[in-house]
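A.B. asks: Mind looking over this structure? Questions follow.
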Amino acid sequence: MSATVATSEQTLFLLKMRGSQTAQQLAVLLDVTSMGARRQLEAARGKGLVTFEDVADKVGRPSRRWSLTDAGHARFPDRHADLTLELISQVRQLFGDEGLGKLIAAREAGSVAAYRALIDDGAQLSDRVASLAMARDGEGYMADSKAQPDGSVLLVENHCPICAAATACQKFCRSELAIFQRVLGDDCMVERSEYLLEGGRRCVYRIVPIYKTT
């Protein structure tokens, strides 16, 4: 892969992971000149992968912030989306919503078992979420965890490899919340603070510790 192609892919990756950025911000992250970053962005814009919005700052002229288009997001595809949608449709036709519910429950049980094998129940909450994020990242969710000053922890997922399935059947998304709650334990509460299917750039889960009184 040439340096130009690598930088182009890195530009798209950074916009996927970090959201809208200025050319100057990308230049720092890519370790290139501002002109070099602008060239990458203009080339990607010519392919329909990025767009920009001029945002008025408090002082000075507006800053140009770049973000991915739908085509740009599509460079990070769902896993076997067409096959997944076909299977969901066939399960519904053959077994109805009850059968689909059983399928989702089986997936949930399998995921819980797999994650529990990777997470130390006795670890601090932040460490448990970090282990879960690592597992999710390995599944293509571009996931990370971020401890917050108030003691909560964010599980950030910048991509959804099952987005097509979740769009067709939002029970998959509700199942994710249940999975996280079961895996992380009863000393915390899991809530979704950003949601891809409701127009968010990503899915973010806020895990809040529950302090039990004696």
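The values are calculated or read from the model by the stated rules, or taken from the named source; none is laboratory data. This is a predicted model, so every value here is computed, not measured. Here the Cβ positions follow ideal geometry from the backbone for every residue, glycine too, while neighbour counts run over all protein chains shown. We work out accessible area using only protein heavy atoms, side chains counted, and drop any ligands, DNA or RNA first. Shrake-Rupley method; radii C 1.70, N 1.55, O 1.52, S 1.80 Å.
A.B. asks: In the full protein assembly as shown, how much of Lys102 is accessible to a 1.4 Å probe, in Å² to the nearest 10?
C.D. replies: Roll a 1.4 Å probe over it and Lys102 shows about 130 Å².
A.B. asks: How much solvent-accessible surface does Phe13 expose, in Å² to the nearest 10, with a 1.4 Å probe and all protein chains in place?
C.D. replies: Estimated to the nearest 10 Å², Phe13 gives 90 Å².
A.B. asks: Any chance you could check the Cα centroid distance between the stretch 30-71 and the stretch 184-199 for me, in angstrom?
C.D. replies: So the separation of the two Cα centres works out to 31 Å.
A.B. asks: On average, how much accessible surface per residue is there in the chain, in Å², for a 1.4 Å probe, leaving out ligands, DNA and RNA?
C.D. replies: On the way: 12310 Å² over 214 residues.
For the chain, the solvent-accessible area averages 58 Å² per residue.
A.B. asks: Would you mind computing, in nm to one decimal, how far apart the modelled labels at Ala74 and Ala123 are, each placed 7 Å from Cα along Cα→Cβ?
C.D. replies: 3.8 nm
A.B. asks: Given a Förster radius of 41 Å and the C-beta distance between Glu86 and Asp31 as r, what FRET efficiency does 1/(1 + (r/R0)^6) yield to the nearest 0.05? Don't skip to the answer; put the middle values down first.
C.D. replies: Values: r = 44 Å, r/R0 = 1.06.
After rounding, the FRET efficiency stands at 0.40.
A.B. asks: What order do Met134, Met17, Met142, Met189 take when sorted by accessible area (1.4 Å probe), most exposed first?
C.D. replies: Details: Met134 145, Met17 55, Met142 25, Met189 90 Å².
Largest to smallest exposure gives the sequence Met134, Met189, Met17, Met142.
A.B. asks: Using the Cα gyration tensor of the stretch 55-195, with a ≥ b ≥ c the square roots of its eigenvalues, what is the shape: rounded (a/c below 1.5), prolate (a/b larger than b/c) or oblate (neither)? Mind showing how you got there, number by number?
C.D. replies: On the way: a/c = 2.36, a/b = 1.19, b/c = 1.99.
It comes out oblate by the Cα gyration axes.
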